[in-house]
Amino acid sequence: MLAVALRAIFLWLSNRRWMAHVALGTPFLRRMPLRFVAGTTLDQAVAAVRELNARGRSATLDVLGESTDDRDSADRAATAYVATIERIATEGLDANVSIKLSQMGLGLGVEECLAVMAPIVAAATRHGIFVRIDMESSPTTDRTLEVVSRLRANGHDVGPVIQSYLHRSPADVERLATEHVRTRICKGAYAEPPELAHQEREAVGDAFVALCQRLLEADAYPGIATHDPEMIQRVGAVARRHGIGKDRLEFQMLYGVRRDLQRRLVARGYRVRVYVPFGTEWYPYFMRRLAERPANAIFVLRSLVGEHS
Ligand code: FDA
């Protein structure tokens with residue numbers, strides 16, 4: 001009960017820009033996200049990826065940013081991604097990028113968003129780097145999938161994320177499986193109403209496994225994005241039952257979360273990719289992580305107070 005209330009509070013806070021200003025402007029609070037964010041600069045993110053690669057893990061880099069309906073801001077965000085892709089290539093990192101389209105002007109419409117994305121996918125295609133498009137809240141699902149499909153039609157190696165809590169997801173995955181699109185499956189991180197999304201943990205989990213199974217059968221190299229040991233065990237069992245090798249899927253986890261599990265999976269021969277966010281705009285991302293696990297708030301506060309005293 002308390003956890004549900006805290007989740008709602010953190011999700012509400014994640015959309016409050018005034019709170020973001022307070023957090024970003026207060027030196028004490030600015031240290032909060034250190035556990036979940038690789039740093040504020042590209043250099044810090046590159047160092048984090050190097051360390052992950054040395055431990056046998058791949059990475060996907062997320063340049064944190066605000067959702068924007070302003071074309072200049074969206075173009076600036078795109079420029080930061082181009083710089084990130086160039087660094088991945090010049091440093092020979094085992095990494096790709098994950099992008100939120102709200103940051104790329106999706107609110108301005110699909111055509112405008114495609115124009116903002118053009119330099120990113122051009123750089124990625126030039127260097128043979130895959131581009132993952134994150135999935136945001138349900139009002140953006142159709143437009144996000146349309147952008148992915150239009151970029152793919154132009155020959156770019158781009159893949160979406162599908163959230164297992166949404167009732168629509170089996171139909172979306174069916175289409176993606178038929179076209180062998182490299183898709184990440186996650187449970188879903190936004191507050192969605194019962195008409196659109198399963199509310200019970202068990203239903204979200206069963207849907208998660210079923211969606212992963214469909215993509216495994218289609219040999220679409222799914223990204224299994226979860227820290228939930230039960231999901232990992234069930235999807236692993238499906239793969240074994242179907243004789244699907246460990247090289248035909250990857251497990252994906254967030255930076256700073258369940259590093260023990262990441263390590264164990266690598267030791268068992270699985271591919272693991274870590275989602276590495278960086279940048280100054282860490283506030284909404286950080287709040288969504290607290291919503292997923294309110295106990296993190298206590299963990300973060302304790303380490304802040306410990307460092308402060
Ligand atoms: P679940 O919440 O069921 O918890 C299981 C266990 O995992 C917990 O008991 C705890 O041990 C651990 N855990 C989970 N979250 C934790 C946290 N924040 N801190 C510490 N421990 C934690 N969502 C979305 O809507 N769109 C997207 O594009 C993405 N992209 C994405 C990429 C990657 C790589 C990951 C791992 C996740 C996402 N998500 C996402 C988020 C996803 O939808 C979901 O909210 C979280 O992964 C939490 O669900 P789990 O299945 O991981 O664990």
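Tabulated results
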| item | result |
| --- | --- |
| Evaluation of Ser98 against (1) in contact with a strand residue (DSSP E or B) (Cβ under 8 Å, 6 or more places away or on another chain); (2) open to solvent by 10 Å² or more (accessible area, probe 1.4 Å); (3) at negative phi (one fails), failing number | (2) |
| Selection within region 101-141 - open to solvent by 30 Å² or more (accessible area, probe 1.4 Å) and in contact with a His (Cβ under 7 Å, 6 or more places away or on another chain) | Thr125 |
| Given (1) surrounded by 17 or more Cβ atoms within 10 Å (Cβ to Cβ); (2) within 21 Å of Ile224 (Cβ to Cβ), index of the condition Gly269 fails | (1) |
| Yes/no for Arg263 being within 13 Å of the ligand (Cβ to nearest atom), open to solvent by 80 Å² or more (accessible area, probe 1.4 Å) and closer than 26 Å to Leu61 by Cα | no |
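Quick grid of which residues meet (1) open to solvent by 10 Å² or more (accessible area, probe 1.4 Å); (2) touching a helix residue (DSSP H, G or I) at 6+ places or on another chain (Cβ under 6 Å):
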| site | (1), (2) |
| --- | --- |
| Asn53 | yes, no |
| Thr60 | no, no |
| Ala78 | no, yes |
| Ile85 | no, yes |
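The values are calculated or read from the model by the stated rules, or taken from the named source; none is laboratory data. Nothing here was measured: the structure is a model prediction, and the numbers come from that model. Note that each Cβ is placed from the backbone with ideal geometry, even for glycine, and that neighbours are counted across all protein chains shown. Remember, those area values only see protein heavy atoms, side chains included, never the ligands or the DNA or RNA. Shrake-Rupley method; radii C 1.70, N 1.55, O 1.52, S 1.80 Å.
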